[in-house]
Amino acid sequence: MRTSKVALYAPNLIGYFRLLLLGTAILTGTKSCQATYWLFVSTLLLDGLDGFAARRLQQCSSYGAFLDVFIDNLTRGVLWTWGAPPPYGVLPVIIETTVFTCTHKGGGSAWKEGCFDSAPRCCQHSAKVAACLAQNGMSELCFAFLNADGY
């Protein structure tokens, strides 16, 4: 499959739009806190939509998986650096980016599958809930996962 075709998959187009919203939020900054807030909320809501669209339209790709998590990390990075005093805001960004790079390198488009199997129980639980929300959309809380793990 040609790379240009993958770059134009619907979930990736949503990702590009998320980048545009994030850039606009950064430029808006403190000039209009309410506008910035809603731009971030829109970006986060669209995060659930791109994964749903990828699975529904059978347009999953390693590029799309990378793009999605890259935008997630970039969004959280901006929030961390704005919300925590220097130099503490950058520490979670460095750690998260390192973990993402390592897990994505090993798993490609399926990087979320199995990469937490040997992690501590609390991390496995968080990964299961995140995977469930990604699979079933933001409307479900996935009580089956919580109950199965004894939470």
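Descriptive notes on the structure:
- The residues on offer are PHE143, PHE116, and the sole one that is at pLDDT below 80, surrounded by fewer than 12 Cβ atoms within 10 Å (Cβ to Cβ), over 23 Å from LEU8 (Cα atoms) and out of contact with any strand residue (DSSP E or B) (no Cβ under 9 Å at 6 or more places or on another chain) is PHE143.
- Scope segment 17-34; condition without any contact (Cβ under 8 Å) to a residue 12 or more places away in the chain, open to solvent by 40 Å² or more (accessible area, probe 1.4 Å) and not polar (S, T, N, Q); matching residues: LEU20, LEU27, LYS31, CYS33
- Of all residues in segment 61-74, those that are in contact (Cβ under 8 Å) with a residue 12 or more places away in the chain and closer than 14 Å to THR101 by Cβ have Cβ atoms under 7 Å from Cβ atoms of residues that are assigned to a helix (DSSP H, G or I) and β-branched (Val, Ile, Thr), 6 or more apart or on another chain, in ASN73/THR97.
- Looking only at segment 27-73, and only at residues there that are touching a Phe, Trp or Tyr at 6+ places or on another chain (Cβ under 8 Å) and farther than 26 Å from ILE94 by Cβ, the one that is modelled with the lowest pLDDT: SER61
- Test: residue in segment 58-69 that is surrounded by 13 or more Cβ atoms within 10 Å (Cβ to Cβ) and under 22 Å from GLY83 (Cα atoms): yes
- Qualifying residues in segment 35-48 (those that are of a type in the set (A, V, I, L, M, F, W, C) and open to solvent by less than 80 Å² (accessible area, probe 1.4 Å)) - the one farthest from ARG18 (Cα to Cα): ALA35
The values are calculated or read from the model by the stated rules, or taken from the named source; none is laboratory data. The structure displayed is predicted, hence computed values, not measured ones. Counting neighbours? That spans all protein chains shown, and the Cβs are built from the backbone with ideal geometry, glycine included. Quick note on the areas: whole protein, heavy atoms, side chains included, nothing else; ligands and nucleic acids left out. Shrake-Rupley method; radii C 1.70, N 1.55, O 1.52, S 1.80 Å.
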